[in-house]
Each structure stands twice: as C-alpha cells, then as structure tokens.
1. Could you work out the pair-distance distribution P(r) of region 62-116 from its alpha-carbon pairs, with 10 angstrom bin width and percents rounded to whole numbers?
2. On alpha-carbon atoms, Rg over Rh for region 13-203 using Kirkwood Rh?
3. Counting only helical runs of four or more DSSP H residues, what would the 222 nm mean residue ellipticity of the chain come to if each run contributes -39,500 (n - 2.57) and the total is spread over all its residues?
4. For a quick size check, give me the Cα extents of region 205-339 along its three principal axes, largest first, whole Å.
5. Normalise the Debye intensity by I(0) for region 1-87, one equal point scatterer per Cα, no solvent, then take log10 at q = 0.16, 0.17, 0.18, 0.26 Å⁻¹ and round to two decimals.
6. For region 371-442, what is the accessible area per residue in Å², given a 1.4 Å probe and the full set of protein chains?
7. If you take the charge dipole of the chain about its Cα centre, with +1 on Lys and Arg Cβ and -1 on Asp and Glu Cβ, which of Ile288, Leu33, Val164 is farthest toward its positive end?
8. So if each residue of separation counts as 0.36 nm, and I subtract the Cα-Cα distance between Asn90 and Val197, what length gain in nm does that give?
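The values are calculated or read from the model by the stated rules, or taken from the named source; none is laboratory data. Just so you know, these numbers come straight off a predicted model, no measurement behind them. Cβ sites come from the backbone with ideal geometry, for glycine too, and all protein chains shown count toward neighbours. To get the accessible areas, we keep the full protein, side chains included, count just its heavy atoms, and leave off ligands, DNA and RNA. Shrake-Rupley method; radii C 1.70, N 1.55, O 1.52, S 1.80 Å.
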Amino acid sequence: MASFPPSLVFTVRRKEPTLVLPSKPTPRELKQLSDIDDQEGFRFQVPVIMFYKRKLSMEGEDPVKVIREALAEALVFYYPFAGRLIEGPNRKLVVDCTSEGVLFIEADADIELNQLIGDTIDPGTYLDELLHDVPGSEGILGCPLLLIQVTRFRCGGWAFAIRVNHTMSDAQGLVQFLTTIAEFARGAEGAPSVPPVWQREFLAARQPPSITFQHHEYEQVIDTTPDDNNKSMTHKSFFFGPKEIKAIRSHLSPHHSSTSTRFEVLTAFLWRCRTCALGLDPNKTIRISCIANGRGKHDLHVPRGYYGNVFAFPAAVSRAGMISTSPLEYAVEEVKKAKARMTGEYLRSVADFLVTKGRPLYTVSGNYIVSDTTRVGFDTIDFGWGKPVYGGLARAFPLISFYARFKDNRGEDGTMVLMCLPETAMERFQEELKKMTGEHEDGPFD
C-alpha cells in the first residue's frame, strides 16, 4: 500500500486548548517582519508532524508535560512567537510581542503508531485528528502564531504536530525553534545552542528598490479556462526509493541522467505526471516554481540564528503540451533553469519587487510549486525519545508539493512526496506514475 487505508477509524480525546506563555517575563515591543516574510503567498498556516516510538528509557515520562514545559522555556528566547501580528501602512506586518502565548492541546488516541505508519505514511488524511483546528485560531492577524498538539498512542508512542504562521519562519527557521524545544526537553539549561536572531531588516527592500530580475513566479495571469480543480481535493503521499528513482532515470539519456540530481529528475517527473493528470489545454502556459533557500549563497550573508523566511521560488515557464508530450529531459532542463535563477541578488530583487507591487500573491493559474525539505532536519528532532519515525510537512496544498525523508519497512531511505489534487486527477496521476515507473497493479502507487 502506498497510501493510508481510508477505512481506518480511530478516536482522539482532546483536552481543552490552553495558552502556553514564556516561562519568564519577555520584552513588550513591536517587531517588523521582513519584506520577504509578509508577502501575500506566505499568509497561511503550515502544518508539520513528527511521530515517535515508545522508548523504554523514557518510561514514566509524559511527552505532554515534557513538551509543554520545554516550550515555555523556548518561548523566552523566541518570544515573538508568543505575540500577535498586526498590519501597518502598505500592508506591512508587525509582531506585537504581547506574551499572550501559543495554543497547546493535550490528546490521547485509541490507536497504535504502527497502524498509521507502514511502507508509507499519509499524514494529510488524518491530520485533522492529530492537529485540531481550534475555531477562530486560523487567522493571520490577531491570532496565535503557533498551534501545537501532542497526542499519545496506546502503544506508548506519540505524535507532535505543530501549525505555524508562515510569515514568521520558513522550514529551516522552524527546525531551529523545534531544536531549541528539544534541547530543553532533554534537560539543557541556559541559552539555546544556536541563539535566535531577529534582524528582519536584513531582508528589507532596498532604498530605492532595484528589481534586477524578471519574476515569472508573480505574474498575474487571468485564467480563461474553466477550472474544476478546486472541487473535492484529496491528499496522498508517494514513496520514491532507489528502485523508483532508477525507473524514472531510465527515461533519460545517460548524459542527462548522470548530470541531473535526484531532485531535478523527481521534480520533472512529478510535473509531467501532474500536468497529464490535470488534462490541461496543450497551449496553456504553465510554471514550475522550485523553492530555493538563500542560506549558503555566497552573495547573501544570512546571520547565524536567523529564523525568518530566506527563500524564493523562481519559476520556469512552458506550455502544458510541451511538458506532457516531450521527452522527460525537456522537463528536467526546465527545472534546472528555474533552480539556476536563485542567488542572493535574486532574493533581494524579490523583496524590492514585492514592496513596489504591493506584496502580490504568486501566480496561481498553471503553477506547480515544489518544496524539498529532505535536508532541513525535521527527521532529526529528538525530544528525548530518539529521532522520529517520520518528521516533516503534514499536508500538501493544491499548488504545492512537499518532499520529506522517510525510511520504509525494508529500511530503504527514500523521498516521501505529499500531493494534493482533485479526486479524479489523483486517480489519473497514479496511473501516470505507474506508466512511467513500470509498476503493476500491486505496486507502491496503488
């Protein structure tokens, strides 16, 4: 099975949500977000989940109590997370550091961890149980910036799920915060090993703004074709181990295969299968947007400990018919083009563009955004129970897929891809996967 069995029903008993405050007094102040942080496309909530097995040496320790106390300690250093967002002139977002706290839910589920995780995991299908959407908490302004639920399973295993307001942090920034919680959970005292740095002015627009690139990812496109793709969306995840990647590479020439990364090959493959599954007009303009981290770029010196958003998603533009009918290497080259655009200067150009244009949303029509979080570190967060069985994003979005690291039952390391498509398109997508990887009916994409 490649997906979570829909017939599995379980009950989660939740206690009333509470607010966890920093364990010590923190400064009351206003802190501006960067001009990358507060763009329209980041004004949403992102869910992340980690699953932990029972550990004998932690018998008698309650993960709810451990996490709640460690969270309160971590918020002393990351006190902006305990505040609320307000909006200033020109839609500028500012954190009002009120120390009101973050939402926390204690829960118990009448199920065992191994019933949820096998050769694959589909966290999106049961996320609502393991991360309860507290009514009134999902807004961007004036709402808690974090929502956390810790759910204990019958077997002694447990789940840690967190929802973060994306304007506050990217994946790497969130991992830095979670690592701090984990350090306190394991008994550390004093300051975090990586002290957090705010300094959001680091990615403020230049004065005067200087847009030095064409930003295809923000082009406002009027879609004249009828769109049935917002109906009845479904979530699935797909595991790509060495065997699957080898099958995909077999569609490339030896030269293209040897000069293309796993990410480039997998992304081109998914883009092609998704384009075919959606049945797009062959002349429709489509985009692939590859989320690219600015950390480590030689022309962008990101302060150590900075936990804001430091990424862009440069796009390559093509026609749907070219992606669905050309050899796979054509899509691979387009993915490479998108990736190659990302530099520190590109990110600064994005900030200038966003401020000049009023912080617009990314292109929606015909766009597909991919985010590779396999090296970010969600799978290494240790609260005292060891590394998680799965750690990563919990759900894809209609335009956005996430890649996460996962080890299947055979111990094979691979990439878990989270996908969100209309139901009929998801069925066609699975057929395309099977066609391209040579899988039979009992293959991993059923």
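1. 20, 33, 24, 17, 6, 0
2. With Rg and the Kirkwood Rh in hand, the quotient comes to 0.97.
3. -8000 deg cm²/dmol
4. 45, 40, 29
5. -1.01, -1.07, -1.12, -1.39
6. Value for region 371-442: 42 Å² per residue.
7. The residue sitting most towards the positive pole is Leu33.
8. Roughly 36.0 nm would be gained on extension.
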